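Peer 1: Can you keep this structure in mind? I'll have questions shortly.
The values are calculated or read from the model by the stated rules, or taken from the named source; none is laboratory data. Values in this document were obtained by computation on a predicted structure and should not be read as measured data. Note that each Cβ is placed from the backbone with ideal geometry, even for glycine, and that neighbours are counted across all protein chains shown. The accessibility values were calculated without ligands, DNA or RNA, using every heavy atom of the protein model including side chains. Shrake-Rupley method; radii C 1.70, N 1.55, O 1.52, S 1.80 Å.
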Amino acid sequence: PLRGLADRDAYLAAQLGAPPPGGGAPYFVPTGVFVESIEFLNPNDVQVSGFVWQRYAAAVPADVSRGFVLPEAVTGTYPGDPAYRFTEADGTEVVGWHVTATLRERFDYDRYPFDRQDVWLRLWHRDFDRGVVLVPDFGAYPDLAPAALPGLDPQFVYGGWTPDYAGFSFVRNRYDADFGYRGVQVQQSIPELYFNVGLKREFLGPFFDHIVLTLVVALLLFAILALTTKAAEIKSRLGLSTFGVLGSCSGLLFAVVLKHGQIRAVVGSQQTVYLEALPFILYLAILLVSLNAILLDSPVRLRLLEYRNNLLPDLLYWPLLLGLLLTVTLVTFHG
């Protein structure tokens with residue numbers, strides 16, 4: 001993120017190597033953003049509302065359009081009439097809009113529910129071919145440090161998210177189209193202005209929502225495993241047959257599948273996320289407990305299972321489950 005006018009000028013001097021579309025010197029238009037609300041509508045769409053304003057110096061020709069474009073917006077790409085407009089004593093024209101836009105962006109949910117997302121407003125000027133460069137309106141913010149959250153309303157609720165940083169940045173994007181402006185490399189030589197908001201998910205809600213069911217299912221599976229035995233006398237006293245074990249595991253499997261479906265509904269993407277390690281481990285545990293009961297009741301004698309009435313599977317149950325969870329955690333966050 002850019003921190004001041006010196007950063008802006010140094011960046012533009014280094015990056016604006018080619019003349020802007022249309023030739024001549026670029027027009028710098030300070031642009032400010034104040035975000036009032038951010039709401040995730042689904043895994044890929046986020047709704048943002050707030051104010052965007054621009055300052056047009058007297059040197060900017062009157063025939064240069066006053067306005068901007070949100071190219072990644074599904075709705076609200078071209079804001080309507082300005083919410084306010086006035087001219088300062090030095091001839092600078094200030095124009096402001098209230099914006100409500102739905103942005104479609106790509107988010108990474110690989111570490112859900114410990115994920116962090118970057119929501120951005122990508123800003124273009126309306127006139128692609130006039131050499132207009134949008135730059136941050138640094139004078140509008142008392143503190144530009146990203147941790148100070150410049151441009152964010154401190155009063156609104158983030159709905160399960162905690163703001164981490166905010167600030168402007170420039171990105172040079174390349175396009176293989178001229179947008180209809182023949183002979184002009186539109187937007188090719190102009191760095192594009194972004195306003196970025198970093199968000200951290202409040203993980204306790206979704207984490208405990210799923211960890212409670214995982215713990216209950218794991219404890220019930222362990223109880224079933226501990227009661228599974230080959231000794232006919234013990235089996236008759238407990239009333240737990242192989243068929244009873246399979247029936248109990250089927251019921252637990254149904255509960256885990258439903259909870260897994262809730263995770264997939266939240267993420268809504270093809271990638272596998274960290275929290276899915278819990279249902280995957282439970283699937284394996286249910287399979288092994290069921291297989292253990294079948295092998296104990298089969299005519300094939302397996303000394304490892306028969307030793308002290310199925311003691312070894314009981315001892316290996318928790319180290320296996322917790323070891324798998326630890327391995328997935330290390331690979332996800334430190335791999």
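Peer 1: I'm trying to understand the selection: among the residues of the range 128-151, which are over 30 Å from TYR175 (Cβ atoms) and either under 25 Å from the mean Cα position of the chain (by Cα) or acidic (Asp, Glu) (or both)?
Peer 2: ASP143, ALA145, ALA147, ALA148, LEU149, listed by residue number.
Peer 1: Show the residue pairs that are 6+ apart or on different chains and have beta-carbon atoms under 9 Å apart, the first residue being within the range 207-220 and under 20 Å from ARG111 (Cβ atoms) and polar (S, T, N, Q), the second being open to solvent by less than 80 Å² (accessible area, probe 1.4 Å) and part of a helix (DSSP H, G or I).
Peer 2: Listed pairs, sorted by first residue: THR214/VAL256; THR214/LYS259; THR214/LEU278; THR214/PRO279; THR214/ILE281; THR214/LEU282.
Peer 1: Let me ask something additional. Going through the range 25-39 one residue at a time, which ones are within 32 Å of the chain's Cα centre (by Cα) and open to solvent by 30 Å² or more (accessible area, probe 1.4 Å)?
Peer 2: Across the range 25-39, the qualifying residues are PRO30, PHE34, GLU36, SER37, GLU39.
Peer 1: Moving on to the next point. Residues being open to solvent by less than 30 Å² (accessible area, probe 1.4 Å) and in a loop (DSSP other than H, G, I, E, B): count how many of those fall in the range 94-107.
Peer 2: So the answer is 2.
Peer 1: So, one more: Hey, could you check the range 46-59 for residues that are free of Cβ contacts under 8 Å to residues at least 60 places away in the same chain and either surrounded by 14 or more Cβ atoms within 10 Å (Cβ to Cβ) or in contact with a helix residue (DSSP H, G or I) (Cβ under 8 Å, 6 or more places away or on another chain) (or both) and say which is farthest from GLY131 (Cα to Cα)?
Peer 2: GLN47
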